[in-house]
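To keep things clear, I will list the structure first and then write my remarks on it.
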Amino acid sequence: GIRDYKVTGVQTCALPICSGRFAAGERLPTEHDLARQYGVNRHTVRRAVESLKQSGLLDAQRGRGTFVHNDVLDYHVGTRTRFTESLDRAALAPGRRLISVERRRATDVVARALGIRGNSNVEIVTLVGIADGRPLSLAEHCFPSKRFRGIGAAFEAQGSITAALAWFGVNDYRRASTRVTARIAGDEERFHLELSAGRPILVTESVNVDGDGVPTEYGLSRFAADRVQLLLET
């Protein structure tokens with residue numbers, strides 16, 4: 001049926017999200033059009049829409065509008081985790097937006113994961129993973145500078161992490177470990193993933209190794225929790 005949201009002190013605003021009037025992934029009309037259609041003022045519509053966002057039924061996408069929440073993606077995490085392959089399985093168009101390429105000293109966590117000295121440098125490629133034009137993940141890919149100096153430029157030239165690693169002679173790699181946690185999104189994650197305040201994210205810390213078992217990459221990925229579920233494979 002139609003889900004009603006009563007806002008204290010104002011009229012009731014009924015938005016037929018659950019009835020199928022607006023399909024998953026569909027963009028909602030403007031506040032002005034909704035107010036006129038349902039005979040309420042725009043302030044009432046605004047509060048109802050915000051309530052639906054907080055409930056996870058609507059998603060606000062910066063510069064595009066407000067959309068009915070779509071089904072979550074099964075993101076496969078196994079020994080051969082690949083962003084593009086996970087999206088291909090779901091028949092979604094994959095995309096990457098490069099945020100930054102930098103070199104800095106490894107933190108203790110990154111150094112231990114990569115088996116390098118704590119004062120060593122790492123190459124960090126930060127990307128937003130996109131599915132059908134919608135941000136899905138914010139990921140930092142960290143590589144030992146001694147072995148992969150300039151891998152950021154290789155990524156820009158090749159368009160993928162897998163191809164960039166191949167540029168350095170790593171033609172295949174596998175996932176050695178993955179740690180999954182959850183928390184509320186911070187300001188940076190909210191901005192890049194286009195999340196409203198208070199929304200949760202899934203955080204994965206991973207280590208990939210080459211064919212000889214040598215660590216090649218430490219990854220820190222933040223996923224919009226209401227857009228993806230991690231499918232752990234053995």
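Scanning the stretch 215-234 for residues that are over 11 Å from the mean Cα position of the chain (by Cα) and not in a strand (DSSP E or B), we see that the one that is surrounded by the fewest Cβ atoms within 10 Å (Cβ to Cβ) is Thr234.
Looking at Asp212, is it in a loop (DSSP other than H, G, I, E, B) and closer than 18 Å to Ile116 by Cα? Break it down stepwise before answering.
Details: in a loop (DSSP other than H, G, I, E, B): yes; closer than 18 Å to Ile116 by Cα: yes.
Yes.
For the structure I just gave you, tell me whether Gly169 is in a loop (DSSP other than H, G, I, E, B) and either open to solvent by less than 40 Å² (accessible area, probe 1.4 Å) or in contact (Cβ under 8 Å) with a residue 24 or more places away in the chain (or both). Taking the combined requirement at face value, the residue does not satisfy it.
State which residue is farthest from Arg149 (Cα to Cα) when the search covers only the stretch 93-123 and only residues that are assigned to a loop (DSSP other than H, G, I, E, B) and either small (Gly, Ala, Ser) or open to solvent by less than 50 Å² (accessible area, probe 1.4 Å) (or both). Among those residues, the one meeting the criterion is Ala93.
Filtering the stretch 74-92 to residues that are in a strand (DSSP E or B) and under 19 Å from Ile161 (Cβ atoms) leaves Tyr75, His76, Val77.
Arg183 fulfils the conditions (1) over 25 Å from Asp212 (Cβ atoms); (2) open to solvent by less than 20 Å² (accessible area, probe 1.4 Å) except for a single criterion, (2).
The values are calculated or read from the model by the stated rules, or taken from the named source; none is laboratory data. These figures come from a predicted structure and were not determined experimentally. Note: ideal-geometry Cβ built from the backbone for every residue, glycine included; neighbour counts use all protein chains shown. The area values use the complete protein model at the heavy-atom level, side chains included, leaving out ligands, DNA and RNA. Shrake-Rupley method; radii C 1.70, N 1.55, O 1.52, S 1.80 Å.
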